[in-house]
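Beneath this line is the structure, given in structure tokens, with notes to follow.
The values are calculated or read from the model by the stated rules, or taken from the named source; none is laboratory data. All values derive from a computational prediction rather than experimental measurement. Because the Cβ atoms are built from the backbone with ideal geometry, glycine has one as well, and the counts that use them run over all protein chains shown. We work out accessible area using only protein heavy atoms, side chains counted, and drop any ligands, DNA or RNA first. Shrake-Rupley method; radii C 1.70, N 1.55, O 1.52, S 1.80 Å.
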Amino acid sequence: MSHRTLTAEGLVAGYERGRWVLDGAGLTVPAGRRLALLGANGSGKTTLLRCLSGALEPAAGTVALDGERLRHTRRGLRVHRQEVQLVLQDPDDQLFSASVAQDVSFGPLNLGLDEEAVRARVAEALDLLGVTDLAGRPTHQLSYGERKRVAIAGAVAMRPCVLLLDEPTAGLDPSAVVEALAALERLRGAGSTVVMSTHDVDLALRWADEVAVVVDRAVVQGAPTKLLADDALLGRARLDRPWALSVGARLRALGLLPEGPLPRDADALLAALPQAVTP
């Protein structure tokens, strides 16, 4: 794996109910950064991810990796998918083998790797996702959270530069969300750039280096503390302001927080309060 920059320009895609889901949308996925993709249901998040992965050919516009344009030919898609992998929201859309290890080995086997190389990739992917102990388990016996991580492991075994995750924390309980985020951090440390679509503005604020909001068939991209405090943008996108920014702004107005970037989670908020106010 290595860090590479994925870009999209002028995307027109996803024709539904008499109009395009995306119309002139652009996005830059910076190498080595954590990018959260936000938007209401039907806004076009999944359509955008499918275009970025090569699963959907846009009617217009381009997708490129380090400036090399994606071409929707058999060879072009094969090369692109070795560098960019998409994991769907429902893990059962991707898990089909009898055991976890067999499922994770599917991609490397299709690359024509020898048995030793496949085993190494499977072991590496299972370790990064924290599911090594599940290698011999039937996939249908896994919990929902385990199935999600195994589906991601299958993509990771391809050693992509960019990993696109469609709602990876949806449907997970709080402890499973913590485990999933820890796994994503290990992936980033191993060299994958991670893009995560989500409805959870609080999660996006505390996790992402950058956010991109899909709204009005286009994409608005920028710093989390800036975009997620833009009430006009959030209103158009049918999203709420993260609680940490709302509480932080109120505490600053009361003179309890210093000037500077607002805290992005509960720990940072408590640490920023004057000692006498801290529990």
Listed by first then second residue, the pairs whose first member lies in the stretch 216-236 and is more than 12 Å from V201 (Cα to Cα), whose partner is open to solvent by 70 Å² or more (accessible area, probe 1.4 Å) and in a helix (DSSP H, G or I), with beta carbons under 9 Å and at least 6 positions apart or on separate chains, are D216/R236
Given the condition open to solvent by 50 Å² or more (accessible area, probe 1.4 Å) and more than 23 Å from G171 (Cβ to Cβ), answer yes or no: does some residue in the stretch 204-217 qualify? yes
Could we say that L187 is at pLDDT 95 or above and either open to solvent by less than 40 Å² (accessible area, probe 1.4 Å) or of a type outside the set (S, T, N, Q) (or both) here? no
Give the stretch 1-20 a look and list any residue that's surrounded by fewer than 22 Cβ atoms within 10 Å (Cβ to Cβ) and either touching a Cys at 6+ places or on another chain (Cβ under 8 Å) or aliphatic (A, V, I, L, M) (or both), or say none. M1, S2, H3, R4, V12
Kindly establish whether L27 is open to solvent by less than 30 Å² (accessible area, probe 1.4 Å) and at pLDDT 95 or above. yes
Filtered residues of the stretch 66-105 (kept if among the hydrophobic types (A, V, I, L, M, F, W, C), under 26 Å from T169 (Cβ atoms) and surrounded by 16 or more Cβ atoms within 10 Å (Cβ to Cβ)): V84, L86, V87, L88, L95, V100, A101, V104
With criteria (1) among the aliphatic types (A, V, I, L, M); (2) in the same structural domain as L11 (by the TED database); (3) at pLDDT below 90, L269 comes up short on (2)
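Checking the structure you have, find out if any residue of the stretch 193-215 is free of Cβ contacts under 8 Å to residues at least 24 places away in the same chain and either within 30 Å of L48 (Cα to Cα) or not assigned by the TED database to the domain that holds E16 (or both).
no
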Mind telling me which of the residues E57, E16 ends up being of a type in the set (D, E) and modelled with pLDDT of 95 or more? E57
